Amino acid sequence: MKLLRYGPPGEERPGLLDDQGVIRDLSAHVEDIGPDQLSPQALKRLAAIDPAGLPVVPGAPRHGPPVKGVGKFLAIGLNFADHAAESGASVPEEPIVFTKATSCIQGPDDAVMIPRDSIKTDWEVELGVVIGTTARYVEEAEALNHVAGYVLINDLSEREFQLERGGSWDKGKGCDTFGPIGPWLVTADEVDDVQTLGMWLDVNGTRMQTGNTDTMVFGVAALVSYVSRFMALHPGDVITTGTPPGVGMGQKPSPIYLKAGDTIRLGIDGLGEQNQTVSAYRP
Ligand code: ZN
């Protein structure tokens, strides 16, 4: 299933994408797509509905983030060996875990805003994991049973705030608009092998990032298990799992950063695409 939320910011309604790529309204069946709709039982109830019987949503509405009420938005740093190299960092022995403020979450195609006083705003295509059931101290072999599904994420980052302002990374990761999620939450049953997904990102039509989840240092099961040793993971929590090479900071001969008017397009196999326009800071 491809679950989604559509409509103006703050007024999104629940929906799904049917096999023909048509958005169907789910609001007769669920209030929203949030933590209460992500358990195996709740997803089974939704999967039992015949999409052909649901109202077609006309036009091309805005997509909101496909999950409402994300409690924790966690992220993994330097999880692709080739990206660590371009960042001048060594491959971590244990996953680097940091936090993106949930206030940065927005729809997949909403405009990205360069923060005030920023000169190093950068892009990162990433696979996001949405937790479906509470996970505490879970073993790697059990970890994927706690995953409701997967989402496409742009882990936007301000490199000066992240790396040159005395720590922690969080300063450069949670700025407003730095967390586009979606367009869909693709349920885990629809993803054959989460460790073989192609990923890509273009800036102004030029391919900048090309990667595959098969080159992650720590795979999804290992990450869910690892993080659950340090904090409980709850339904609706999101872990974004790191980016392949090709970020702006790693460009040769010199870094390239986002500026007002730039366009970003990114995608992961089976998880859809995002399209963002970059705007200057506005109060
Ligand atoms: Zn990242």
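The values are calculated or read from the model by the stated rules, or taken from the named source; none is laboratory data. Worth saying up front: this structure is predicted, and the values here are computed from it rather than measured. Every residue, glycine among them, receives a Cβ derived from its backbone with ideal geometry; neighbour counts consider all protein chains shown. We work out accessible area using only protein heavy atoms, side chains counted, and drop any ligands, DNA or RNA first. Shrake-Rupley method; radii C 1.70, N 1.55, O 1.52, S 1.80 Å.
Could you order peptides 270-277, 233-240 by the average number of other Cβ atoms within 10 Å of their residues, highest first? Before the final figure, lay out the partial values.
Working: 270-277: 18.9, 233-240: 23.8.
So the peptides 270-277, 233-240, ranked by packing, come out 233-240, 270-277.
Give, in nm to one decimal, the length gained when the segment between K171 and Q20 is fully stretched (0.36 nm per residue of separation minus the Cα-Cα distance). Please list the in-between numbers first.
On the way: separation 151, 0.36 × 151 = 54.36 nm, distance 4.15 nm.
Here the answer is 50.2 nm.
Roughly speaking, to the nearest percent, how much of the chain's 1.4 Å accessible area is carbon and sulfur?
Working: 6130 of 12040 Å².
Here carbon and sulfur together make up 51 percent of the probe-accessible area.
Which one of A28, A84, A111 has the biggest mean-square fluctuation once the chain is modelled by GNM with Cα springs under 10 Å?
Residue with maximal mean-square fluctuation among A28, A84, A111: A28.
Just the number: Rg to Rh for the stretch 2-53, Cα atoms, Kirkwood Rh, two decimals. Spell out each step's value before the answer.
Details: Rg = 10.7 Å, Rh = 11.4 Å.
With Rg and the Kirkwood Rh in hand, the quotient comes to 0.94.
Give the accessible surface of the chain per residue, rounded to a whole number of Å², with probe radius 1.4 Å and ligands, DNA and RNA excluded. The partial results should precede the final answer.
Details: 12040 Å² over 283 residues.
Roughly 43 Å² per residue, with all protein chains present.
Taking the Cα centre of each part, how many Å lie between the stretch 49-93 and the stretch 1-31?
17
Running a GNM on the chain with Cα contacts under 10 Å, which residue among V57, V138, V220 ends up with the highest mean-square fluctuation?
V57
Looking at the chain, send over the antiparallel percent of its DSSP beta bridges, to the nearest 5. The partial results should precede the final answer.
Details: 50 of 57 bridges.
Here the antiparallel bridges make up roughly 90 percent for the chain.
Starting from the residue with the highest accessible area, list I96, I268, I119 in decreasing order, probe 1.4 Å.
Details: I96 50, I268 5, I119 120 Å².
So, going from the largest accessible area down, we get I119, I96, I268.
May I ask for the net charge around M113, where only other residues with Cβ less than 13 Å from the Cβ of M113 are counted and Lys, Arg are +1 while Asp, Glu are -1?
Working: positive: R116, K259, R282; negative: D110, D117, E158, D176, D262.
After counting each charged neighbour, the total is -2.
Excluding ligands and nucleic acids, what accessible area in Å² is computed for T187 using a 1.4 Å probe, to the nearest 10?
Here the residue's solvent-accessible area equals roughly 0 Å².
Label S27 and R136 with points 7 Å out from Cα along Cα→Cβ: what is the distance between them in nm?
Modelled inter-label distance: 3.7 nm.
With +1 assigned to the C-beta of every Lys and Arg and -1 to the C-beta of every Asp and Glu, and no other charges, what is the dipole magnitude of the stretch 2-53 about the Cα centre in debye, to the nearest 20?
On the way: 6 positive and 9 negative charges, 31 e Å.
The dipole magnitude comes to about 140 debye.
Please list, or write none, the lysines whose alpha carbon is within less than 25 Å of the alpha carbon of K68, excluding same-chain residues fewer than 8 places away.
Result set, ordered by chain and number: K2, K44, K100, K171, K173.
Just from the alpha-carbon atoms, what are the Rg and Dmax of the chain in angstroms?
That works out to 17.9, 55 Å for Rg and Dmax.
Keeping all protein chains in the complex and leaving out DNA, RNA and ligands, what accessible area do you get for R116 with a 1.4 Å probe, in Å² to the nearest 10?
Its accessible surface works out to 150 Å², give or take rounding.
How much solvent-accessible surface does W184 expose, in Å² to the nearest 10, with a 1.4 Å probe and all protein chains in place?
40
Build a GNM of the chain with springs between Cα atoms under 10 Å: which of I256, I131, I76 gets the top mean-square fluctuation?
Looking only at I256, I131, I76, the biggest GNM fluctuation is shown by I256.
For the chain, what does -39500 (n - 2.57) per DSSP helix run (n ≥ 4), summed and divided by total residues, give at 222 nm, in deg cm²/dmol to the nearest 500? Please list the in-between numbers first.
Numbers: 5 runs with 31 residues, N = 283.
Calculated from helices alone, the mean residue ellipticity at 222 nm is -2500 deg cm²/dmol.
Give me the dipole magnitude in Debye, nearest 20, for the chain about the Cα centre, with unit charges on the beta carbon: positive for Lys and Arg, negative for Asp and Glu.
Details: 23 positive and 38 negative charges, 152 e Å.
Its charge dipole is roughly 740 debye.
So for the chain, taking the charge dipole from beta-carbon charges (+1 Lys/Arg, -1 Asp/Glu), which of T215, A42, T240 sits furthest toward the positive end?
It is T240.
For S279, S157, give me the order by solvent-accessible area with a 1.4 Å probe, most accessible first, ignoring ligands, DNA and RNA.
On the way: S279 25, S157 0 Å².
Descending order: S279, S157.
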